[in-house]
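Colleague: Next up is a structure, given as structure tokens.
The values are calculated or read from the model by the stated rules, or taken from the named source; none is laboratory data. All values reported here derive from a predicted model rather than from experimental measurement. Here Cβ is always computed from backbone atoms with ideal geometry, including for glycine, and neighbour counts include all displayed protein chains. With ligands, DNA and RNA removed, areas are computed over all heavy atoms of the protein, side chains included. Shrake-Rupley method; radii C 1.70, N 1.55, O 1.52, S 1.80 Å.
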Amino acid sequence: MPLLIEKPPKGFEKVLDASVAELVGHGAVAMGTRARPAVSAPIRVHHLGADAVAAGKGVAAAQPTGWLVTLTTDGEVRGTIELIPPKPFRKRAEPPAGVRFGGFTTGPLQRGLSAAIEEAVKNVGRSKVEVSVLRAPALYLLALWLRDEKGDRLVPIAPCPPPLKAGEIYPAERALAMLGEAAKAVLKGDKTRN
């Protein structure tokens with residue numbers, strides 16, 4: 001059974017195709033070959049603030065922020081493309097439906113995320129596991145978020161904040177509790193937390 005992902009909004013593929021064409025066409029992504037770039041299935045991204053971690057609110061406080069896809073050529077990860085909801089036309093108005101280009105990022109986190117997803121696919125067996133990405137930027141945490149009948153689990157991506165270890169599977173509550181003091185230090189403005 002493959003990993004389960006939340007279905008992206010209507011028009012996602014069109015915006016993604018245009019984003020890939022723009023990145024490749026203007027040389028923002030060095031393809032290395034004439035091979036056509038491939039993109040992974042879109043994965044939902046959630047943001048978790050340091051305030052929520054410090055208060056012990058757990059993953060229930062995570063807010064969806066967009067979708068990530070991994071861009072590869074010849075099996076090599078080139079980076080991730082993030083698509084986000086459009087901005088509302090007026091303050092306090094509902095944003096229009098769909099997505100827009102949010103950014104392209106390349107580096108070790110993106111390669112680590114791709115590897116973590118591949119590992120999760122191998123390990124789920126016949127289980128139905130929903131997968132998302134959890135990001136807590138103030139704590140330097142990017143993690144694969146796995147949800148099933150066993151509960152919520154996080155797989156931190158390297159480099160990750162101590163005391164978490166990259167690639168290990170943690171119950172989400174435990175992983176976030178381990179980062180509680182670091183979150184409190186961030187909120188106090190303590191620059192010596194790491």
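Colleague: Keeping all protein chains in position, work out how much accessible area Asp51 exposes to a 1.4 Å probe, and write it in Å² to the nearest 10.
Modeller: Answer for Asp51: close to 100 Å² accessible.
Colleague: Near Lys188, which lysines are there with a Cα under 24 Å away, not counting those fewer than 8 places off in the same chain?
Modeller: Straight-line reach from Lys188, under 24 Å: Lys57.
Colleague: OK, next. Show me, for the range 11-20, the HN-Hα J-couplings you get by feeding each phi into the Karplus relation (A = 6.51, B = -1.76, C = 1.60, θ = phi - 60°), rounded to Hz, glycine and proline as x.
Modeller: Karplus values, whole Hz, x for Gly and Pro: x, 4, 4, 5, 5, 5, 4, 5, 5, 5.
Colleague: Let me ask you something else. Got a sec? What order do Lys57, Lys122, Lys7 fall in by accessible area at 1.4 Å, biggest, i.e. largest, first?
Modeller: Lys7, Lys122, Lys57
Colleague: In nm, to one decimal, how far is the Arg126 label point from the Lys91 one, both placed 7 Å along Cα→Cβ?
Modeller: Going by the 7 Å Cα→Cβ label model, 5.7 nm.
Colleague: Along Cα→Cβ, 7 Å out, is where each label goes; now give me the distance between the ones at Lys14 and Leu187 in nm to one decimal.
Modeller: Each label point lies 7 Å from its Cα, and together they span 4.3 nm.
Colleague: For every helix of n ≥ 4 consecutive DSSP H residues, a contribution of -39,500 (n - 2.57) applies; sum these over the chain, divide by its total residues, and give [θ] at 222 nm rounded to the nearest 500 deg cm²/dmol.
Modeller: Working: 5 runs with 51 residues, N = 194.
Only helices count here, giving -8000 deg cm²/dmol.
Colleague: What percentages, rounded to whole numbers, describe P(r) for the chain computed over all alpha carbon pairs with 5 Å bin width beginning at zero?
Modeller: Percent of pairs per bin, in order: 1, 7, 15, 18, 18, 17, 12, 8, 3, 0, 0.
Colleague: Could I ask something else about it? Can you give the net charge of the other residues whose Cβ lies under 13 Å from the Cβ of Ala116, counting K and R as +1 and D and E as -1?
Modeller: Local charge sum for Ala116: +1.
Colleague: Considering the convex hull of the alpha carbon atoms of the range 144-194, report its projected area averaged over all viewing directions, in nm², one decimal.
Modeller: Values: hull surface 14.5 nm².
Taking the Cα atoms of the range 144-194, their convex hull projects to 3.6 nm² on average.
Colleague: For Arg100, what residues show an amide H to amide H distance below 5 Å, using hydrogens built from the backbone and excluding near sequence neighbours?
Modeller: Amide H to amide H, under 5 Å and 5 or more residues apart or across chains, Arg100 pairs with Ile84.
Colleague: In nanometres, what is the gap between the two model label sites at Glu173 and Ala38, each 7 Å from Cα along Cα-to-Cβ?
Modeller: For Glu173 paired with Ala38, the spin-label model returns 4.0 nm.
Colleague: Something else now. Using only the heavy atoms of the protein chains and a 1.4 Å probe, how would Tyr140, Tyr170 rank by accessible area, largest first? Don't skip to the end; give the middle numbers.
Modeller: Working: Tyr140 140, Tyr170 5 Å².
The ordering from most to least exposed comes out as Tyr140, Tyr170.
Colleague: Right, something else. Given the protein chains as shown and a 1.4 Å probe, how many square angstrom of Glu181 are accessible, to the nearest 10?
Modeller: We get 130 Å² for Glu181.
Colleague: Taking only the alpha carbons of the range 73-155, what extent do you get along each of the three principal axes, in Å, biggest first?
Modeller: 46, 35, 27
Colleague: Apply 1/(1 + (r/R0)^6) to the Cβ-Cβ distance of Lys165 and Lys7, taking R0 = 45 Å, and write down the FRET efficiency to the nearest 0.05.
Modeller: 0.90
Colleague: If I take R0 = 45 Å and measure r between the Cβ atoms of Glu76 and Asp148 in this structure, what FRET efficiency does the formula 1/(1 + (r/R0)^6) give, to the nearest 0.05?
Modeller: 0.90
Colleague: In addition: Can you give me the three principal axis dimensions of the range 104-194 from its C-alpha atoms, in Å, biggest first?
Modeller: Ordered largest first, the range 104-194 gives principal extents of 45, 30, 20 Å.
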